[in-house]
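Right, one structure below, let's go through it.
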């Protein structure tokens, strides 16, 4: 009998149904009704067998059954060291099993079962998105999966645009505190100097901006919204005469609001022309860059220090800003009528910021560059590779991006779409960026672009990849600023 090889350990990666080895081959075809890899594969072995397993599952779903072709590769030894099995992530494996069971239930003969499965998949949340198949044979299953994916994508986008929260307690230096904020929220923070300065914090589920303000107030530092670009907050030293950040700010969602300037004006020739302007800085967490911000005057409510309302100038007006350039904050102006001289401060300024935020980015990959009008759709966005012109030294990809609902996201001054990543993937981990682009067409919910690349010498396996948010999320964020001193 062939000598027994060294005992091996079978590791089953979560979510992976292909396990590799190099031994003799056997085939079984079984019917599985919710069976796991362990249920189907392991019972066929003698307890003394040493085996590494390659199990490739080919599912052919009908309402009656699931046929599973299991390709097993075994060692020739039979009576040897017991087989050991290690599951790398039991929780993920259990979730995979639950998802597979619900996918089969989507194709049940009973309507109630199909409806229950659809609701159950949605209840599992966005964590199952990567576990759902992109293509299925059944038209009804496909339709139900589309609804599930669309709902979960919207949930994921809302989760991504919700305020980050921080838990941190104790005495530590500034560098340790900032590192913890970055790890918990995904917001990059760049700081130089004073990193050894001590801070004392007691933060429990505090939103990111308030947590950062409390820390910076202890070390006399500020945030420069331009130095860190679009993706990071750059910290700078704060002059001693500047007031503390936290008491003057208001927080809502991913945003931080702070009054920066108050300007009173009178026209000396015409005393009826007078006004008061309050300039607000609106900053956001750098992990999410808004598309557009607006502050409708009709949503403002302003009270003076005597509890009387201050009139807003032009209730139909809107202060707005399209987010362009490398920054993490913009300024919006609140126009008010000039109060009498006995009013010394604005006791309360309440408003509602309206914003468009990009949802979770999605990757659209096109492998057949010679084909025209290739359509890929995820959640509420469709990407069409119209054509790829291949010249001797240049490759031009024509791409159309269309959203089912885009609100104002594709108006002419919304430059966010031009920042979406577009590149050629030459091989895994190696990509080629475009040299230039141009806008070919623009509609209320779509844009068509041409990306120009240097033509790769080897076009084999080259793919065009485009990344864009799956959804555009409209949010309304309330805020209130207090005790704004008048000039």
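Structure summary
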quantity	calculated
Among residues of region 250-283, those that are assigned to a loop (DSSP other than H, G, I, E, B) and closer than 27 Å to residue 340 by Cβ, counted	7
Identity of the residue in region 109-144, surrounded by 14 or more Cβ atoms within 10 Å (Cβ to Cβ) and touching a strand residue (DSSP E or B) at 6+ places or on another chain (Cβ under 8 Å), that ends up farthest from residue 470 (Cα to Cα)	138
Residues satisfying the stated conditions in region 213-228, i.e. in contact (Cβ under 8 Å) with a residue 24 or more places away in the chain, touching a strand residue (DSSP E or B) at 6+ places or on another chain (Cβ under 9 Å) and either under 21 Å from residue 165 (Cα atoms) or crowded, with 16+ Cβ neighbours inside 10 Å (or both)	213, 214, 215, 216, 219, 221, 223, 225, 228
Candidate set: region 169-223, residues that are over 22 Å from the mean Cα position of the chain (by Cα) and assigned to a loop (DSSP other than H, G, I, E, B); chosen: the one nearest to residue 244 (Cα to Cα)	220
Subset of region 288-317 [in contact with a helix residue (DSSP H, G or I) (Cβ under 7 Å, 6 or more places away or on another chain) and surrounded by 17 or more Cβ atoms within 10 Å (Cβ to Cβ)]	288, 291, 312
Condition broken by residue 459, with the remaining ones in (1) assigned to a loop (DSSP other than H, G, I, E, B); (2) in contact with a strand residue (DSSP E or B) (Cβ under 6 Å, 6 or more places away or on another chain) satisfied	(2)
Check on residue 162, assigned to a loop (DSSP other than H, G, I, E, B) and within 18 Å of residue 287 (Cα to Cα)	yes
Filter pass, residue 375 being in a strand (DSSP E or B), without any contact (Cβ under 8 Å) to a residue 12 or more places away in the chain and within 23 Å of residue 441 (Cα to Cα)	yes
Top-ranked residue of region 423-438 - restricted to ones that are within 15 Å of residue 466 (Cβ to Cβ) and over 23 Å from the mean Cα position of the chain (by Cα), ranked as surrounded by the most Cβ atoms within 10 Å (Cβ to Cβ)	434
Condition met for residue 444 (surrounded by fewer than 19 Cβ atoms within 10 Å (Cβ to Cβ), at pLDDT below 90 and closer than 30 Å to residue 374 by Cα)	yes
So residue 242, is it in contact with a strand residue (DSSP E or B) (Cβ under 8 Å, 6 or more places away or on another chain) and either outside the structural domain of residue 351 (by TED's automatic domain parsing) or in a loop (DSSP other than H, G, I, E, B) (or both)	yes
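The values are calculated or read from the model by the stated rules, or taken from the named source; none is laboratory data. These numbers were taken from a predicted model, which means no experiment stands behind them. Note that we place each Cβ from the backbone using ideal geometry, even for glycine, and neighbour counts take in every protein chain shown.
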